[in-house]
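Okay, structure first, notes after.
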Amino acid sequence: MKNLWDKRAKNFPRYDKNLKEDKIIFDFFNAKEVNLKDKVILDLGCGNGRYALHLAKQARLVYAFDISSEMIENVKNDAKVHNICNVECICGDWESFDVDRFTKPIDLVFASLTPALNTFERFKKAISIAKEGMIYIGWGNKRESAFLEEIFKAHNAKLELPVGAKDVMQYLKMLDMKVPDIHFITKVIHRKKSLKDAMGDAIFQLEMHNVEPNNSLIKDIITNKWLHNDMVEYVNIMEIGMMYIKN
């Protein structure tokens, strides 16, 4: 898993203080009166720090945690570029990580579309260390991509919906915790990439599904149908669910 995410680091979203898509998310949690000011926040599965650096603007300290050492290096570099000094980066596997390594108590856990919470035990571990609660963003009920679906079909595989908000609702019931209201939004993402990067996306998704990619088959499919004027254009549609889980 670590190797997959290390390879993904090059093309994974990074911090952008002006990104409207991120503003929608933070506006939602502001409306829920989630107070980030002077908090110690764990961004679990932080990726390239897209949200961690936003959180750091209000928090006292942000632990940016990810399994990918490449992504953690990107977080460190972007923090330096933007002169953000209250982010502490940790590379590790959440399942085996010793939470006593956190030198300060965690007020809030922030988790966005992260496989770090793909099992009940991993979720329980995360929610149990959060004094105040968890800001959770997960998959909803929809994942559509004609581009990926065609490639998966050629590999006799199906593009699956990852663990998400509905699973977390079940985890909360198992813990006898109150299930908060979930706000669902649908995102339509237009991709325009080089052949190499589009192939990389397809290969990554296949490997995440434990499917062995056939690179020549993928290249043929993309070249014959999706490549126009040296660029590959396609649309991904995804639903995400957002909730604030109080402890």
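Each reported figure results from applying straightforward, stated rules to the coordinates on display, with no laboratory input. Please read all numbers here as calculations on a predicted model, not as lab measurements. Heads up, the Cβs are rebuilt from the backbone with ideal geometry, glycines too, and the neighbour counts pull from every protein chain shown.
Here is how the numbers come out for the structure above:
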quantity	calculated
Aspartates and glutamates whose Cα lies under 19 Å from that of Lys37, excluding same-chain neighbours fewer than 8 positions away	Asp22, Asp27, Glu88, Asp107, Glu132
Segment 2-67, Rg to Rh (Cα coordinates; Rh as Kirkwood inverse mean 1/r)	1.00
Label-to-label distance, nm, for residues given as Glu160 and Gln58 (7 Å Cα→Cβ offset)	3.5
Filter on Lys153/Lys193; Lys125/Lys246; Lys23/Lys173; Lys32/Lys131 - keep pairs with C-alpha separation over 19 Å	Lys153/Lys193; Lys23/Lys173
Equivalent ellipsoid semi-axes - Cα gyration tensor, the chain, angstrom	31, 20, 17
Along principal axes, Cα extents of segment 128-189, largest first, whole Å	46, 23, 18
Volume of the Cα convex hull of segment 138-247, divided per residue and given in Å³	107
FRET efficiency for Ala31 and Leu4, using Cβ-Cβ distance with R0 set to 35 Å, rounded to 0.05	0.50
Nearby lysines by direct alpha-carbon distance to Lys76 (threshold 21 angstrom, same-chain neighbours under 8 apart not counted)	Lys2, Lys7, Lys10, Lys17, Lys39, Lys57, Lys104
Percent of beta bridges antiparallel (DSSP, the chain, rounded to nearest 5)	50
Residues with amide H under 5 Å from that of Val232, placed H, sequence gap 5 or more	Lys193, Ser194, Leu195
Partner aspartates and glutamates for Lys142 [C-alpha distance under 13 Å; skip if fewer than 8 residues away on the same chain]	Glu160, Glu239
